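Down below is the structure, laid out as C-alpha cells.
The values are calculated or read from the model by the stated rules, or taken from the named source; none is laboratory data. The structure presented is a predicted model; accordingly, all values stated were derived computationally and were not measured. Every residue, glycine among them, receives a Cβ derived from its backbone with ideal geometry; neighbour counts consider all protein chains shown. All accessible areas refer to the heavy atoms of the entire protein, side chains included, with ligands and DNA or RNA removed. Shrake-Rupley method; radii C 1.70, N 1.55, O 1.52, S 1.80 Å.
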Amino acid sequence: MSQQAPMFTNYSNSYATVNPGFGGLSDGVNVMGIYRDQWTGFKDMEGNAVAPNTMLFSGDMPIPLLRGGASLAIMKDQIGFEDNINVNMGYSFHLDLGGGTLGIGLALNMINRSVDFDKFIPTVDNDPMLPKGEQDAMLVDANFGLFWQIPETFYVGLSATNLFESKGKELLSSATSSASFVGDRTFYLMAGYEYQFNNPVFKLLPSMCIMSDIASTQFNVGTKLLYNNKVWGGINYRFQESIAAMVGFKFKDIQISYSYDINTMGLSVQGSHEICVSYLFKMDLEKSPRIYHSIRYL
C-alpha cells in the first residue's frame, strides 16, 4: 500500500516517462538514460542488498505528419526483493496556444511486477498472509498528460499515471488473503522557468515537481545555473527527505549530468547517486507560421 513510483533528482530530464504530453516538443529525436542508486550500500538484517536502484531509458520525437509527437520509455525499478519493469508508449497531439505549444498526450502503460517472497524476513514465522516463492503479474494501464511550453521561457505540466489502477492476479489461492499487485495511480505537477541575466552567458533554470498518490506526496524544488550553455551546477531539495548537489556539462548535442543526494531524514542510510546521459538529434522541421491575435507575441 506504499508509494510505488520512483522519483529522480534529474526529474526535468524524465518528463517523457510520466507525462505523455511532453512527447515530441523538442526540436528532434531526444534519447535519454538515467541510473539511480538510492541509499547506496543499504542492507537488511541478513546482509542482503535491498537499496532501491532504478534504470530508465526514454526517447521522444516530433511527428509533424500526425501533428504531434511520440514517446517510448522503459524503466527497471528494483527495491528490496521486488523487481518492476515498466514500458509505456505514448502519443502527444500538439496545439498552438498562447505563444507556446500545448501537448495533449495519452500512453499505454505496461508493468511487469515480481516479488520473491521467500527472501522476506517475517516477524511471525509461517505467516499465512505471506505468499510463497516468486510471484509476478503483468498490469496494463494508461497515462494521461498535458504539457504547455514556451520555448526557452516557461513550461508547466500536469499528468496522471496508472489511471485505472489495474489489478493483477491474487497472490494466494486460499481465502485467507485477497492480496494482489495493484497499479499505483500517481499525479504529477511540474513547472520550470528560464531566467536570462544581463550577462548573456549566464542563465538560471528554476524548476519544481510535485508527485502524489494521495496517500503520500513528494515536493521537489531546485535550480541550475547554466554557463555559456555548456556547464551547469545546481541544487535540489526534496521535502523531508534529501538535499542534492547537481553538476553537468554539454558537448555538442550530448549532455551528462550527475547528482548526489544527502539524506535529511535522520536515518542511518547513505546518500544517493544519480547519473543522466541524453542526446538530441536535431531535425529540420518545417513549422507552419503562427497567427496571433495579440501584440504581446509580435
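Here are a few things to note about the model shown:
- Dipole size of the stretch 136-286 about its Cα centre, with +1 on Lys/Arg Cβ and -1 on Asp/Glu Cβ: approximately 400 debye, rounded to the nearest 20.
- Taking the chain as a Gaussian network of alpha-carbon nodes connected by springs under 10 Å, the highest mean-square fluctuation of the residues Ser71, Ser180, Ser92 belongs to Ser180.
- Where trypsin sites (Lys or Arg not before Pro) in DSSP loops with at most 13 other Cβ within 10 Å are excluded, longest remaining stretch of the chain: 133-229
- Interchain or long-range residues, amide H under 5 Å from Val269's placed H: none
- Mean separation of Cα pairs under 8 Å and 6 or more residues apart, divided by the residue count, gives the stretch 24-133 a relative contact order of 19 percent.
- Projected label points at Thr217 and Lys252, each 7 Å from Cα along the beta carbon direction, are separated by 4.5 nanometres.
- Relative contact order for the stretch 138-284, counting Cα pairs under 8 Å that sit 6 or more residues apart, in percent: 12
- Of (1) 37, 24, 16; (2) 49, 25, 16; (3) 41, 21, 19, the label for semi-axes √(5λ) of the Cα gyration tensor in Å derived from the coordinates: (1)
- Violating pairs (Cα-Cα greater than 18 angstrom) within the set Lys76/Lys169; Lys224/Lys282; Lys76/Lys119; Lys203/Lys224; Lys250/Lys282: Lys76/Lys169; Lys224/Lys282; Lys76/Lys119
- Solvent-accessible area, 1.4 Å probe, carbon plus sulfur percent, for the stretch 48-166: 66
- Once the 1.4 Å probe is applied to the protein heavy atoms, the chain comes out at 55 Å² accessible per residue.
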